[in-house]
């Protein structure tokens, strides 16, 4: 299948590692021009900046000479395990909501009107299966990703008449720095005999929650991101696409 994305301009916010990095590299492999934004600028296509800094984010977005597609691939957790939810005090929610949701809204406030004016393009928000099931692992993360899905649907309705598509991608269990931080938080306070290595923790969790019983990979998210930016997906908007081994079924 030819995606015919050559020469298109992709902005990927949150692309220094994990899923965002895989998405940026996949678009580069398709012959796209990629502009990345992340705190860690370890590649020529990445501009250093913090999504929690509105001025820096605005400067990046307004500095793009052209924009065909936007991918928001940022995700942070609270660093605490919510078993029960009141283990995560309200004061720890603000930073998670600011980065996972509010910064995405800011980016889309800049991208949406621009894409609408040109009458084409797409926006992809990286959510999570945690945003669909009320995951108790990290309630602020779960709630922020649920809100991101709802906002995606609002934006899809607004931008659809202008020929712009907006979707969300919900990964399941992917070996990313974020998942490793969730594992580390889950081990805090456990007696040594009950502590697990990341591999044992993740392996047991995958077998418990995913019918296919295997890891999902960042490259799979990247392939879907490229497809959703292509004309093959011209009638897909307002959708949350899960790549999760069957954890969430609709």
Consider residue 77 against the criteria (1) surrounded by fewer than 21 Cβ atoms within 10 Å (Cβ to Cβ); (2) within 19 Å of the chain's Cα centre (by Cα); (3) assigned to a loop (DSSP other than H, G, I, E, B): it satisfies all of them except one. Which criterion is unmet?
(1)
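Which count do you get for residues in the stretch 8-24 that are in a loop (DSSP other than H, G, I, E, B) and over 21 Å from residue 114 (Cβ atoms)?
Here the count works out to 2.
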Could you list, in sequence order, all residues of the stretch 25-73 that are without any contact (Cβ under 8 Å) to a residue 24 or more places away in the chain, in a helix (DSSP H, G or I) and under 24 Å from residue 223 (Cα atoms)?
28, 29
Could you grab me the full set of residues in the stretch 1-16 that are modelled with pLDDT of 95 or more and surrounded by fewer than 24 Cβ atoms within 10 Å (Cβ to Cβ)?
2, 3, 4, 5, 6, 7, 8, 9, 16
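Which one of 213, 246 is part of a loop (DSSP other than H, G, I, E, B), modelled with pLDDT of 90 or more and within 22 Å of residue 142 (Cβ to Cβ)? Reasoning before the result, please.
Details: 213 fails: within 22 Å of residue 142 (Cβ to Cβ).
Every option except 246 fails the conditions.
Quick one: in the stretch 117-143, which of the residues that are part of a loop (DSSP other than H, G, I, E, B), in contact with a helix residue (DSSP H, G or I) (Cβ under 8 Å, 6 or more places away or on another chain) and in contact (Cβ under 8 Å) with a residue 24 or more places away in the chain is surrounded by the fewest Cβ atoms within 10 Å (Cβ to Cβ)?
Taking the stretch 117-143 first, the residues part of a loop (DSSP other than H, G, I, E, B) are 119-121, 127-129, 134-138.
Then keep just the ones that are in contact with a helix residue (DSSP H, G or I) (Cβ under 8 Å, 6 or more places away or on another chain); that gives 119, 121, 127-128, 134-138.
Filter again for in contact (Cβ under 8 Å) with a residue 24 or more places away in the chain, leaving 119, 121, 127-128, 136-138.
Numbers: 119: 10, 121: 23, 127: 29, 128: 29, 136: 14, 137: 17, 138: 28.
Within the stretch 117-143, the match that is surrounded by the fewest Cβ atoms within 10 Å (Cβ to Cβ) is 119.
Residues of the stretch 187-226 being closer than 30 Å to residue 163 by Cα and touching a helix residue (DSSP H, G or I) at 6+ places or on another chain (Cβ under 6 Å), which ones? Step through it out loud before you land on a result.
To start, the set of residues in the stretch 187-226 that are closer than 30 Å to residue 163 by Cα comprises 218-226.
Selection gives 218, 219, 221, 222, 225, 226.
One line per residue, one yes/no per condition, for (1) free of Cβ contacts under 8 Å to residues at least 24 places away in the same chain; (2) under 18 Å from residue 135 (Cβ atoms); (3) buried (at least 17 other Cβ atoms within 10 Å of the Cβ):
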{"site": "162", "(1), (2), (3)": "no, no, no"}
{"site": "170", "(1), (2), (3)": "no, yes, yes"}
{"site": "173", "(1), (2), (3)": "no, yes, yes"}
{"site": "204", "(1), (2), (3)": "yes, yes, no"}
{"site": "210", "(1), (2), (3)": "no, yes, yes"}
{"site": "222", "(1), (2), (3)": "no, no, yes"}
{"site": "237", "(1), (2), (3)": "no, no, yes"}
{"site": "247", "(1), (2), (3)": "no, yes, yes"}
Residues satisfying the stated conditions in the stretch 180-202, i.e. surrounded by 15 or more Cβ atoms within 10 Å (Cβ to Cβ) and outside any helix (DSSP H, G or I)
196
If a residue must be farther than 20 Å from residue 223 by Cβ and modelled with pLDDT under 95, how many such residues does the stretch 143-177 contain?
1
Identify, by number, the condition in (1) touching a helix residue (DSSP H, G or I) at 6+ places or on another chain (Cβ under 6 Å); (2) in contact (Cβ under 8 Å) with a residue 40 or more places away in the chain that residue 146 doesn't meet.
(2)
Residue tally, condition crowded, with 23+ Cβ neighbours inside 10 Å and touching a helix residue (DSSP H, G or I) at 6+ places or on another chain (Cβ under 6 Å), over the stretch 35-55:
3
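The values are calculated or read from the model by the stated rules, or taken from the named source; none is laboratory data. The shown structure was predicted, so the numbers you read here are calculated from the model rather than taken from an experiment. With ideal geometry, Cβ positions are generated from the backbone for all residues, glycine too; neighbour counts draw on all protein chains shown.
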